[in-house]
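The values are calculated or read from the model by the stated rules, or taken from the named source; none is laboratory data. In this text, all values refer to a predicted model and were calculated from it rather than measured experimentally. No Cβ is skipped: glycine too gets one built from the backbone with ideal geometry, and neighbour counts run over all protein chains shown.
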Amino acid sequence: MITLLGEKYRFCDGLSRRSFLQIGSLAMGGMTLPQVLQAEQKQGLGRSHKAVIMIFLPGGPPHQDMWDLKPEAPSEIRGEFRPIGTNVDGIQVSETFPRMARMMDKFTIIRSIVGATGNHYAYQCLTGRNTHANQPPGEWPSMGSVLSSLHGSARAGVPPFVSLAPNTGHRPWGDPGQAGFLGPAHAPFKPAKESKDDMSLNGLTLDRFGSRRTLLQQFDTLRRDVDQTRRMEGLDAFNQQALSMLTSSRLAEALNLEKEDPKLRDRYGRGFATFKDDGSHRLLDDFLMARRLVEAGARCVTVAFSRWDWHGGNFKQGREEMPMLDQALSALVDDLHQRGLDKDVSVVCWGEFGRTPKVNKDGGRDHWPNVSCAALACGGLRHGQVIGATDKQAGEAVDRPVHFGDVFATLYAGMGIDINTATVPDLQGRPRYLVDDGRKPLREMVG
């Protein structure tokens, strides 16, 4: 480790600015300007700024109690919640989602997500791939890292890939999304709550930073010929992003919720900063923070909300968690529309699998990888519809099964990325397609 010493200033995640400038000590998204221009020219994006907000519900939410109710099923299957109508004829959701019901024309509900493994991790929801097996060296990258590689930073001073997921007790539930074979230059940036307001130079001159940057560049080619992890390759991107963040207030401004109208914050709700057991917190501010980050220039923001592994007390917990999700998710989608961001920013909300059709003896539902659901919004995609259907018990997909990779293909399409031609290079320089063979954008959403 080579460290460039300087004055100590506190930075994000409890790091000092001295630590922040350690070579290889922190991985965050970013690209050099020539790479940005090359990637955007290749994708035909020019100066447009497409983005995605990915909301993960750790533990596997009960699809049949949220967006795929079965009121005609026996009581041990249908549960306690009743369906309510929405502003789209023929579509019903749970009574615990009244706000979503009033704006269903802005959502698409997928009731036939298949391909889950039954494992408690966010992997499928972050990569679009359903297994850790048979991965290339370095492993598959998450969508945020792919977008960082293809597009780079949209605006100086804001990392392309930001994760608001906290460090959860069950660590896979707080997975921010991994860079995989794309290397640390495209890993997510994770701002720490206690240091959000400390992302400026605070008296350190640009001249001093410039001299440090020159010195860092002298090490740029060190061991590049034997590096197999892209760590050295990421130094230019890391250094440029670090300098950009510390000389710009844009990221600090985006992370400062005090800049928002209190009435808007109340629309989102505040939630609870405390963790729910070994899951995530229920911080509704994260939904607003995600909007602020994509508006500021982030291309992908990941959020983890609460804990949904309800083997007992399913309906009691549902009455607590679902209205909070309903409030924050609906406020986010409405806010994006109000700000004219609905054509550019896609939203997806889902978990790693569904729950058993039958309620168990403890009043809970157990793991059910056979089928689950998802809610999508914005992104210039077609909404106001339901895709797919399950059987009378919500146990199996009987119409239009949709894989995680199909949803990813749809999100990429919404961002103007052609999955048939776009690739990212693996550690051997081999071009890799963004989704698995056979995965396609949902025709109902992209035409």
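If we keep just the residues of the range 61-115 that are of a type in the set (S, T, N, Q) and in a strand (DSSP E or B), which is nearest to residue 372 (Cα to Cα)?
112
Does any residue of the range 376-390 turn out to be within 19 Å of residue 131 (Cβ to Cβ), surrounded by fewer than 19 Cβ atoms within 10 Å (Cβ to Cβ) and either of a type in the set (Val, Ile, Thr) or touching a residue at least 40 places away in the same chain (Cβ under 8 Å) (or both)?
No, the range 376-390 has no match at all.
What residue, among those in the range 109-153 that are polar (S, T, N, Q) and surrounded by fewer than 22 Cβ atoms within 10 Å (Cβ to Cβ), is farthest from the chain's Cα centre (by Cα)?
For the range 109-153, the residue satisfying everything is 134.
Scan 267, 291, 319, 365 and give me the residue that is out of contact with any helix residue (DSSP H, G or I) (no Cβ under 6 Å at 6 or more places or on another chain), at pLDDT 95 or above and among the charged types (D, E, K, R).
Going through 267, 291, 319, 365 in turn, the sole match is 319.
If I go through the range 343-369 residue by residue, how many of them are within 22 Å of residue 409 (Cβ to Cβ), touching a residue at least 40 places away in the same chain (Cβ under 8 Å) and in a loop (DSSP other than H, G, I, E, B)?
Adding up the residues that qualify gives 5.
Check off (1) under 25 Å from residue 126 (Cα atoms); (2) touching a residue at least 40 places away in the same chain (Cβ under 8 Å); (3) over 19 Å from the mean Cα position of the chain (by Cα) for residue 395 and give me the number that stays unchecked.
(2)
So which of 304, 252, 331 is in contact with a helix residue (DSSP H, G or I) (Cβ under 8 Å, 6 or more places away or on another chain) and more than 27 Å from residue 409 (Cβ to Cβ)?
331
Testing residue 23 on (1) modelled with pLDDT of 95 or more; (2) crowded, with 18+ Cβ neighbours inside 10 Å; (3) assigned to a loop (DSSP other than H, G, I, E, B), one condition comes back false. Which one is that?
Failed condition: (1).
Quick check on the range 330-371: of everything there that is over 23 Å from the mean Cα position of the chain (by Cα) and of a type in the set (Gly, Ala, Ser), which residue is farthest from residue 108 (Cα to Cα)?
By that ranking, first place goes to 363.
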